[in-house]
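Below is one structure, written out as C-alpha cells, with a few remarks after it.
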Amino acid sequence: MSNFDALLKSSFAEIEEPADAGFSVNVSHGVARVERAAKVRNAAQIAGVLAAAAATAWGLYAVAGAFGQDLLAVAGAEFARLQNAISSGPSMSAAAETAGEGLMQSLGLGLTHILLATGALVGGAVAYRAAQD
Amino acid sequence: MASRGLLNLAQATEAALIIAAQAKDQAAFGELVKRRQGWARSLLRRMCQSHAEADDLAQEAFVKAWERLRDLETPAAFPGWFRRIAVTTFLMAKRRQKAVFEEIDDASPIASEDSTPEAAAGAKIDLEKALARLSDAERLCVTLNHGEGLSHAEIVEITGLPLGTVKSHVLRGTEKLRRLLEPAT
C-alpha cells in the first residue's frame, strides 16, 4: 500500500459524524408519518373491500330477484325438453323457445345490475391492489 | 416492548434492535438510528456537496429502511443493505436534479481547481474539501471504493453503472484526490 493509499484510507476512516439528537428526532417523525399513512391506507383498503363486497351482494341479490325465477323456469323447461327428447325422439319444444326468449328479456333487464356488480367487483379489486402497492 | 426500559434498549445488540424494529418497534428503530446515524450521515456527506442535503438524504434513507425492514433477511446484512438504500436514495435525488453519472468527460478538471486559495498555494486540504471538488459520479465511486471498501463489481451492482464507467470514475477521482491531498512538492 502506497503512502497515498494509506493517507486516503485514514482520511476516510476519520470522518464519522457525531450523533445528533435532532437527526434522530427527524427520523422518528418521518417514521411516525409513514405509520400514520399506512394506517390510513389500511383503513381505505378495508373500506374498499367492504364496499365492493356489499355492492356485489346487492348486485347478486338484484340479479337473482330480476330473473332468478326465469332461470329456474328455463332450467325446468330444458330438463323437461331433454326428458321429452329422450323419451319421444326428435321433436323441438316450442315451450323451450318461449322460455329462452323470456330469459333474454330478463337478461336485458338485469344487465344494469350485472354491470353494476361487475363494476363494483373490479373497482374493489383495483382499490385493493392499489392499497397493496 | 412498551415495558422495556431505556437501559435495556441502550444495552441491546444491533441484531436484537433490528429484529425488534422488524416487529414494528419504533423505539428499537430509534436506537438503531442513534447508533448508525454517524456512519450513514458521513457516508452521504462524502457523496453530497452540501451537509444539509446529505442529512436530508440520510433521513430519507432511514425512513425507507423502516418501510422495507421486513425485507432484510439477517440482521448481520444490515450495513450492506442500508448502504444500498442510501446510495439509491442519493442516485434518485441526483437524477431528479438531472445529474449524469454515466458520462465520462476526459477533460473534466478538478472543480474550481484554480480558483481556491489552497489550490493556488499548493496547500494540502482535507478529504471533505477535496471530495467536494470531484464530480458527483467520481465522488460516489471514490467514496464507495475507498471509503466503504467496495470492489468495482460491488459498485456496479449497487449503482447500476457500467463497469468501465465505474473503473474510470474511481481512477480519475483517486488521481484528483492525490493531487489535492498529497503535500505539494
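Read-outs throughout are calculated quantities, based only on the coordinates presented, and are distinct from any laboratory measurement. Keep in mind the model is a prediction, meaning the values are calculated, not measured. Glycine gets a Cβ as well: all are built from the backbone with ideal geometry, and neighbour counts include every protein chain shown.
Per-structure values
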{"quantity": "Violating pairs (Cα-Cα greater than 19 angstrom) within the set B:LYS34/B:LYS64; B:LYS64/B:LYS94; A:LYS39/B:LYS24; B:LYS24/B:LYS64; A:LYS39/B:LYS34", "calculated": "A:LYS39/B:LYS34"}
{"quantity": "Estimated FRET transfer efficiency (A:ALA32, A:LEU72; beta-carbon r; R0 41 Å; 0.05)", "calculated": "0.10"}
{"quantity": "Segments B:31-37, B:50-56 sorted - mean Cβ within 10 Å per residue, highest first", "calculated": "B:31-37, B:50-56"}
{"quantity": "Other protein chain Cβ atoms within 10 Å, averaged over every residue that makes up B:37-44", "calculated": "5"}
{"quantity": "Ordering of B:8-16, B:40-48 by packing [mean C-beta count within 10 Å, highest first]", "calculated": "B:40-48, B:8-16"}
{"quantity": "Shielding of B:63-71 by partner chains, average beta-carbon count, 10 Å", "calculated": "3"}
{"quantity": "C-alpha center-to-center spacing [the range B:1-79, the range B:154-185] in angstrom", "calculated": "29 Å"}
{"quantity": "For residues of B:22-34, the mean tally of beta carbons on other chains within 10 Å", "calculated": "3"}
{"quantity": "For the range A:1-64, diffusion coefficient by Stokes-Einstein and Kirkwood Rh (Cα), 20 °C, 1.002 mPa s, µm²/s", "calculated": "124 µm²/s"}
{"quantity": "Segments A:66-74, B:166-174 sorted - mean Cβ within 10 Å per residue, highest first", "calculated": "B:166-174, A:66-74"}
